[in-house]
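Colleague: Quick one: the structure is below, and I'll ask about it shortly.
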Number of protein chains: 2
Amino acid sequence: MAGGGEETTVVVRNKKVVLRRHVTGYPTEEDMEIVADTVRLSVPAGLTAVLVKNLYLSCDPWMRLRMTKHDDGASIPVPATDFVVGEVLVNYGVGKVIDSTYPGFNASDLVWGMSGWEEYTLVTHPESLIKINHPELPLSYYTGVLGMPGHTAYAGFVEVGRPKRGDSVFVSAASGAVGQVVGQLAKIAGCYVAGSAGSDEKVELLKSTFGFDDAFNYKSEKDLAAALQRCLPHGIDIYFDNVGGATLDAALLHMRHGGRVVACGMISQYNLEEPDGLRNLGCIISKAVRVEGFSVRGYLHGYARFEEEMAGYIRERKVAVVEDVVDGIERAPAALIGLFTGRNVGKQLVVLERE
Amino acid sequence: MAGGGEETTVVVRNKKVVLRRHVTGYPTEEDMEIVADTVRLSVPAGLTAVLVKNLYLSCDPWMRLRMTKHDDGASIPVPATDFVVGEVLVNYGVGKVIDSTYPGFNASDLVWGMSGWEEYTLVTHPESLIKINHPELPLSYYTGVLGMPGHTAYAGFVEVGRPKRGDSVFVSAASGAVGQVVGQLAKIAGCYVAGSAGSDEKVELLKSTFGFDDAFNYKSEKDLAAALQRCLPHGIDIYFDNVGGATLDAALLHMRHGGRVVACGMISQYNLEEPDGLRNLGCIISKAVRVEGFSVRGYLHGYARFEEEMAGYIRERKVAVVEDVVDGIERAPAALIGLFTGRNVGKQLVVLERE
C-alpha cells in the first residue's frame, strides 16, 4: 500500500551522522556527530518520495570534498554542493523500501542510490534510486563492485581509457573500491597491469587476489618514477588515476605516446589546503597524451548493461571482491576518516542491518 | 635534369646558423653562430635527395626545446632529437628545388618542409617535403598560415577541440602564428572567442584584425582568473593552450563542464629549468574536462584538404595574416630569441631571398 496513512504511522528512532563543522585539512571524528532523531515510517501524504531503511552505507573519498565550505575561488571545485552543518551526510547506500509513493517502487524492494547516513531516509529525489537486480549476490556489493565504484571503474576504464589488448595499464589506489575493479577489468581485457597501494599487505593482495602482474608500495618507494620504470618498463598506455599529486606527476613522465590518463580521483589532494604543484604537463604535448576527467553520472544510461556484465564476472569468479566492513552507524565516521590514511583494505562500507 | 653531374657542378657560398652550445634558460645570440660554408649545387651521385635553395625560414617556439641537452629524466621531453653542437639548426622552411634525384621533385619546384637554417640544404629525407599548390599566395605563408603553424591550428582546433557553434573559446599567445589562425577558425565555426597576448598592441590586433570578441594583455593583468571571468563570463568550452604554466592553471579553473583543453604548446615553460607547478588539475575531474596533447605530425594525411580550405579562407579574406619578417640569415638568431620575450608581432619568419 502506497503512503499516506498518517494516523496509524509508527514512529521509530533514527540515528544519523550529521556534520558538526566544516573541515579543513584531514577530517576527524569530531567533525561529525551521531544524533538520535526519529522518523515516521511512511511517506507523508501528498509527497512523492520513497522511505528507505538503510542497510549498507558506502564510504567514498569524494565525500571529503563536500565537507569543506567552498567559495568560488576554490582550487578543487566539488562535483556537488557542500554538506550543511547540522544536517545528515549524504552518499550512496543500499536499502530496503519501507513505503513509497513513487511509481514502480514498492515496500520491500531492494534498492541502491543516494541516501543519508542514517537508519532511515525519506528519499525525495527517488529518480536517483536503482532497483537491485541481483539480490542473490551479497547486497553490500551494491556499495562497491556493483554500485557507484564498480560502475566508475567500468565506465572510466572502458569508455575513457579505451583499452586495447596488450596495453600497459597502471592503477593507483589499486586495492580500493575502484582500483581493484579496474585492475581486474584490465586483465579481462588482455592488458598488462601494475598497481600502487599504501602497504605491503595491499601490494600482496593486488598480486595474489586481484591478479595484478606487478605492484608497489608507494609509501616505501624513494622514487615513484623509478618504481614505474621497474613495474612498467615499456611505459604506460593507460593510467587510471585515483590519487593525483606526485603519483600523477610521475606517471605523466612515464606515459607512452598516445597514452590516456583516466582522471577519476585525487585522494592525495583532498585534505590539502593548497594542492600539490604538478610539473610534468609538458609530457601531455610531447607524447600526445589525453588526460580526461569524467564522472560516472555521465554514464548512468549504461548502468543496466554494466550490472549484468559485472554480475557475470563475479559469478564466474573472474572478478574477486575485497571489502572492509564495519558494523553500526556509530563507527561510520571513523570508517570514513580511515580512507584518508589508508586504514581500509578494500572497499570500505558500514553495515547497519544485514538482510 | 636529375642530379649527378659532378664535374660541372658549381660550388657556392652557404651561410648557416649552427648551435654553438646547448642552452639553459633563455637562449641568447651567443648560443648560435653564423658560419660561412660552401655547397655544391647538385645532389651527389648515388644519393636520393633534394637540394633546396631556402627562401624563407620559420622561427617556431619548439626549436627552443631542441636547443637543450636532454637526459632521460627531463621533465619536458622533446618531440624530436636535440640539436647537435656545431651543426646547423633544423626547422620548417620554404624553398625552391635546385636539383633532385627524388621522384616527382624537379628543379624550380617550390616546396616547404623540414630544412636547415642555411642558404642551401641537401634534404636527404625528402619525404618530409611538400609541394606548394598555391604559389599565387605569398610563399611566406607556407611558414605560417599554410604551413606547420596553420595546420597545427586547424588540426588542434577541429580534430582535438571539436568545436560546436556557440562554444566559448579561449586562445593564448593569440596573435602568434598558431593563435591567430585558431581565433579566426573559431569565428568561422560560430564560436565566441577571447585571446590573451603580451602587449596592448597585440590585444588591439586581436580585436581589430583577427576578429576576436575580446582579448587581454596577460602581462598587465594582476589576476588571470579574473581576466578570464571578465572576457568569458560563462566559462571556457575550448582552451587552445600555446603557453602552459599560470595561464593553463587559471584556464583549468574556468573550464565549463565537458570542456576541452587543446594542449598545443607551453612557451612559458621552455626556458625554465624547473617547470611551474600547476595546482588546478582537480578541475579536470570535477568538470569532466579533456586535456589532450597532439602533434600536427599525427594529422599529415589531412594536409592537402587543409591547404585547400585555408587557401580558400585567405582568398575570401575570412582569414587575415600578420607576419613579422626579418631580412637575412644573420638576423635569424635574434628573431628566434625574440619569440621568448614576445618581441615578434604575428608569425615570425626570416626571408633569405624573395621569389
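Colleague: Calculate for chain A the 222 nm mean residue ellipticity that helices alone would give, adding -39,500 (n - 2.57) per DSSP H run of length 4 or more and normalising by residue count, nearest 500 deg cm²/dmol.
Modeller: After summing the helix terms and dividing by the residues of chain A, the value is -5500 deg cm²/dmol.
Colleague: Can you compute the charge dipole magnitude of the stretch B:148-297 about its Cα centre, using +1 on each Lys and Arg Cβ and -1 on each Asp and Glu Cβ, nothing else charged? Give it in debye, rounded to the nearest 20.
Modeller: 520 debye
Colleague: Need one number: % antiparallel among DSSP beta bridges in chain B, to the nearest 5.
Modeller: Antiparallel: roughly 55 percent of the beta bridges in chain B.
Colleague: A further question follows. Just B:S268, B:S220, B:S168 to compare: in a GNM of chain B, with alpha carbon springs under 10 Å, which one fluctuates most?
Modeller: B:S220
Colleague: What's the magnitude of the charge dipole for the protein assembly as shown around its Cα centre, counting Lys and Arg as +1 and Asp and Glu as -1 at the beta-carbon? Answer in Debye, nearest 20.
Modeller: 800 debye
Colleague: Sticking with this one: With r defined as the distance between the Cβ atoms of B:T9 and B:K131 and R0 fixed at 30 Å, what FRET efficiency is calculated, to the nearest 0.05?
Modeller: Calculated value: 0.75.
Colleague: Then there's this: Among A:V325, A:N133, A:A227, pick out the residue whose Cα is farthest towards the positive end of the charge dipole of chain A, where Lys and Arg carry +1 and Asp and Glu carry -1 on C-beta, about the Cα centre.
Modeller: A:A227
Colleague: Still on this structure, please answer the following. For the pair B:I188 and B:R315, what calculated FRET efficiency results from E = 1/(1 + (r/R0)^6), where r is the Cβ-Cβ distance and R0 = 22 Å, to the nearest 0.05?
Modeller: Computed FRET efficiency for B:R315 and B:I188 comes out at 0.95.
Colleague: Here is a further query. So which of A:K222/A:K318; B:K207/B:K347; A:K287/B:K219; A:K287/B:K69; A:K207/A:K318 end up more than 22 Å apart, counting from Cα to Cα?
Modeller: Table pairs above 22 Å Cα-Cα are A:K222/A:K318; A:K287/B:K219.
Colleague: Percent relative contact order of chain A, based on C-alpha pairs within less than 8 angstrom and at least six residues apart?
Modeller: About 17 percent, as a whole number.
Colleague: Still on this structure: Once Rh for the stretch B:207-254 is found with the Kirkwood sum over Cα pairs, what is the Stokes-Einstein diffusion coefficient at 25 °C and 0.890 mPa s, in µm²/s?
Modeller: Here the translational diffusion coefficient equals 215 µm²/s.
Colleague: What is the antiparallel percent of DSSP beta bridges lying wholly in the protein assembly as shown, to the nearest 5?
Modeller: Counting only bridges with both partners in the protein assembly as shown, antiparallel ones make up about 60 percent.
Colleague: So what is the relative contact order of the stretch B:148-297, in percent, for Cα pairs below 8 Å that sit 6 or more residues apart?
Modeller: RCO, the stretch B:148-297: 22 percent.
Colleague: Now, a different point. Starting with the highest mean, order B:323-335, B:247-259 by the number of other Cβ atoms within 10 Å, averaged over the residues of each peptide.
Modeller: Ranked by mean Cβ neighbours within 10 Å, highest first: B:247-259, B:323-335.
Colleague: Quick one: if you stick a label point 7 Å off each Cα along the C-beta vector at A:A334 and B:T24, how many nm between them?
Modeller: 5.4 nm
Colleague: I've got another one for you. Using 0.36 nm per residue, how much length does the chain from B:E353 to B:A80 gain when fully extended, once their Cα-Cα distance is taken away?
Modeller: Contour length minus the Cα-Cα distance gives 95.5 nm.
Colleague: Follow-up. Work out, in µm²/s and without decimals, the Stokes-Einstein translational diffusion coefficient of chain B at 25 °C, 0.890 mPa s, Rh from Kirkwood over C-alpha pairs.
Modeller: It diffuses with D of about 117 µm²/s by this estimate.
Colleague: Comparing A:Q180, A:Q269, A:Q229, which has the greatest mean-square fluctuation in the GNM of chain A with Cα pairs linked when under 10 Å apart?
Modeller: A:Q229
Colleague: Turning to a different aspect of this structure: Over the stretch B:255-355, what relative contact order in percent results from Cα pairs under 8 Å that are six or more residues apart?
Modeller: 24 percent
Colleague: Please list 3J(HN,Hα) in residue order for the stretch A:23-34, calculated via the Karplus relation 6.51 cos²θ - 1.76 cosθ + 1.60 where θ = phi - 60°; whole Hz, with x for glycine and proline.
Modeller: Taking θ as phi minus 60°, the curve returns 10, 10, x, 5, x, 10, 4, 5, 6, 10, 8, 8 Hz for the stretch A:23-34.
Colleague: Residues of A:248-255, mean number of Cβ from any other protein chain within 10 Å of their own Cβ, rounded to a whole number?
Modeller: Per residue, the number of nearby Cβ atoms from other chains is 2 on average.
Colleague: Rounded, prolate or oblate: which fits the stretch A:148-297 when a ≥ b ≥ c are the square roots of the eigenvalues of the alpha-carbon gyration tensor, with rounded for a/c under 1.5 and prolate only if a/b beats b/c?
Modeller: Rounded shape, in that the Cα axes give a/c under 1.5.
Colleague: Connecting C-alpha atoms closer than 10 Å in a GNM of chain B, tell me which of B:V84, B:V178, B:V12 has the biggest fluctuation.
Modeller: Comparing B:V84, B:V178, B:V12 in a Gaussian network model of chain B, the most mobile one is B:V12.
Colleague: How many Cβ atoms of partner chains, on average, are near each residue of A:291-300 if near means within 10 Å of its Cβ?
Modeller: Going residue by residue through A:291-300 and averaging, the value is 5.
Colleague: Among B:G156, B:T209, B:V178, pick out the residue whose Cα is farthest towards the positive end of the charge dipole of the stretch B:148-297, where Lys and Arg carry +1 and Asp and Glu carry -1 on C-beta, about the Cα centre.
Modeller: Most positive-ward Cα: B:G156.
Colleague: At a Förster radius of 30 Å, what calculated FRET efficiency corresponds to the Cβ-Cβ distance of B:E204 and B:S108, to the nearest 0.05?
Modeller: Efficiency for this residue pair is about 0.15.
Here, each number is a calculation from the coordinates, and none is a lab measurement. These numbers were taken from a predicted model, which means no experiment stands behind them. Because the Cβ atoms are built from the backbone with ideal geometry, glycine has one as well, and the counts that use them run over all protein chains shown.
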